[in-house]
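Following: one structure in structure tokens, then a few remarks.
Bear in mind that the values in this text are calculations on the coordinates, not laboratory data. None of the values given here were measured: they were computed from a predicted structure. With ideal geometry, Cβ positions are generated from the backbone for all residues, glycine too; neighbour counts draw on all protein chains shown.
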Amino acid sequence: MRPLGRSGLEVSRLALGTMTWGRDTDEHEAAVQLRSFLDAGGNLIDTAAVYADGDSERVIGGFLGSLVNRDEILLASKAGISFKSGERKVSNSRASLIEDLDKSLSRLGVDYLDLWQVHSWDENTPLDETLSALDYAVLSGKVRYAGICNFAAWQLARSATLQNPSFGKVPITSIQNEYSLLNRSAEQEVLPASQNLGVGFLAWSPLGRGVLTGKYRNGTPSDSRGASPHFSAFIAPYLNNRSRSIVDAVCVAAEGLGYSPLEVALSWVRDAPGVSSAIIGARTGAQLRGVLTVEEIELPQPVRVALDEISDIPQI
């Protein structure tokens, strides 16, 4: 367990992502994943109002009270993104966020969320209005802690400044951004900002959208997310020459250590400075059990340094 920023909330250093639940992952496989995750000592379950059009939350809600007790887990969800009329829309208006929150609570069948996050920055809504929804959510008892996702460093800093608890505001507890050996842009400003502000950092897609497992080295497997109509465009940006060289290095390190490429790539993120928890996702229970073996290993420092060098990006 690790503290989430300067809050009193303790989260497992691996979190369970549920983006595929209710779509590519059926209820049986989701149940196996959840039980395996909890048995391994995990506690943070990450979902969102938009995942599988709400079905991810519905699946989780179906497990509460039967497969798992509410007080065994920390429920984290997100609000602000929708696909109404088939197009992605971001709305961080107070009305939209609170509407998403109420629907999330209903689908999950719970009275409160442990962590509620604004899913993305909205340039069309005043930040003060967006943040007022966080104040409402916590003060009403519907949410315990508030966070943000996919914000730039200046957006994080502005949000944290406005939400100063000294003035009776609900503090920003966490930020969730993409971070992996294939995408280290968070190191340029977001991670330093979160550390200095005392905000916990949740890393999504620590396996480079699955590419760091090495499964795409010889093409796109038919049963992979890269071949899925929902996720192919999501995977495509990391199927380039730079990514291949990094994946090759991860595979060489894995072979030398007797680990899997997945274990090498994930442990690199999990133990990176400033990371509170790395969010892992899997399509099947068997895949997740393979991921959870990473808790048994720690990268030797020379290997970490070598991976740092080959995946380095120019500093701004």
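In whole Å, what is the distance between the alpha-carbon centres of the range 271-313 and the range 198-215? First find each Cα centre; the distance between them is then 8 Å. For the range 24-96, the spread of Cα positions along the three principal axes, ordered from largest to smallest, is 38, 25, 19 Å.
Annotation: the range 149-224 has a Kirkwood hydrodynamic radius of 14.0 angstrom, from the mean reciprocal C-alpha pair distance.
For the range 1-155, the Cβ-based charge dipole about the Cα centre amounts to some 200 debye (Lys, Arg positive; Asp, Glu negative; other atoms uncharged). Projection of the Cα convex hull of the range 1-129, averaged over all directions and equal to a quarter of that hull's surface, yields 8.5 nm².
Taking Cα centre as origin and charging only the Cβ of basic (Lys, Arg, +1) and acidic (Asp, Glu, -1) residues, the dipole magnitude of the chain rounds to 280 debye.
Listing ASP111, ASP122, ASP71, ASP248 from fewest to most neighbouring C-beta atoms within 10 Å gives ASP71, ASP111, ASP248, ASP122. By the Stokes-Einstein formula, at 1.002 mPa s and 20 °C, the range 176-297 with its Kirkwood radius over alpha-carbon pairs has D equal to 144 µm²/s. So if I average 1/r over every pair of distinct C-alpha atoms in the range 235-316 and take the inverse, what Kirkwood radius in Å does that give? Every distinct Cα pair counted, the radius reaches 13.8 Å. What you get for the range 93-132, charging only the Cβ of Lys and Arg (+1) and of Asp and Glu (-1), is a dipole of about 160 debye around the Cα centre.
The spread of Cα positions in the range 122-251, taken along each principal axis and listed from longest to shortest, comes to 56, 30, 26 Å. Neighbour counts of other Cβ atoms within 10 Å put THR125, THR161, THR213, THR293 in the fewest-to-most order THR161, THR293, THR125, THR213. Considering only GLY219, ASN183, ALA265, the residue lying farthest towards the positive end of the dipole of the range 127-286 is GLY219, judged by Cα position with unit charges set on Cβ.
Placing unit charges on the Cβ atoms of the charged side chains and taking the dipole of the range 42-120 about its Cα centre, the candidate lying farthest along the positive direction among SER104, HIS119, SER77 is HIS119. For the residue pairs LYS78/LYS103; LYS103/LYS142; LYS89/LYS169; LYS78/LYS169, alpha carbon separations beyond 23 Å are given by LYS89/LYS169. Semi-axis lengths, largest first, of the ellipsoid equivalent to the range 70-186 are 20, 18, 16 Å, with √(5λ) applied to each eigenvalue of the Cα gyration tensor.
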